[in-house]
Every structure is written in C-alpha cells, then in structure tokens.
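Please treat every number below as a calculation from the coordinates, not as lab data. Predicted, not measured: the structure shown is a model, and the values here were computed from it. Note that we place each Cβ from the backbone using ideal geometry, even for glycine, and neighbour counts take in every protein chain shown.
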Amino acid sequence: AISGINTSIKGSLSTTSRTTIGTLSDNNVVGVVRHDIEAAGFVDSGVPFSAMFGESPAVGMDFLAIIATNNFFCQVQGTGNLNGKTVRGKLYGYRAVADANTFAALTQSELLSA
C-alpha cells in the first residue's frame, strides 16, 4: 500500500483470450477477483477490501463452465501500484468424454461466443 493513494488489483479467468479484465456478466469468464486499498486522504496505509467470485465450486450445479479447447486465460491489472502484480488461484476440473459431434459443437460455441 502507498500512503495517501488508492491502489487496486483486478483479475479474471476466461476460456477465451481477452484484452481487458472480465466480469461474471461477460461471455466465457469463469471467475473474477478484486483487491482494493482505499488510502486517499490517509497518512497511513489505508483500509484493504477484497472480493472474490467463483473461487470455489458451486455445490449442486452440474458445471460452472465448459472449456472445450486446451486453453484458458488469466488477466491481471494493477492500478496505482509501485510494482508489477500477480494473480493466482485454483481451477477445478473434470475430464469428460464426448463424441465428435458434441465436441465440435462445444468447441464452436466456445470460440464463437468470445
């Protein structure tokens, strides 16, 4: 934290490549995270706030997202930080078997919804 300056870091995980941080309302975004430190007007290091969405599997749901290709992407953006920032997390997965037609439909749906 920087005394007197608001800082933040945002991250998202998506099944397709993005040039911006995603939100859960965006297509193909599986999870998001945000950490803020509100320090403007304070001489100390301010007050931290954190929010994480999609950080654990939802019980009772068949799936949260289907990744039909062999890629997924992580985006990270820092604001008002002195150093580069990182993001880390867990991705829970299950490998399913699908026939050629189902796999083609899933892959096409994933790529076209980007």
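Fewest neighbouring Cβ atoms within 10 Å first, the residues Asp26, Asp99 line up as Asp99, Asp26.
Among Ser25, Ser113, sorting on how many other beta-carbon atoms sit within 10 Å of each Cβ, with the fewest leading, yields Ser25, Ser113.
Once the chain from Thr23 to Ala96 is taken as fully extended at 0.36 nm per residue, the excess over their C-alpha distance is 23.6 nm. Measuring r between the beta carbons of Gln108 and Cys74 and using R0 = 25 Å, the FRET efficiency lands at 0.60.
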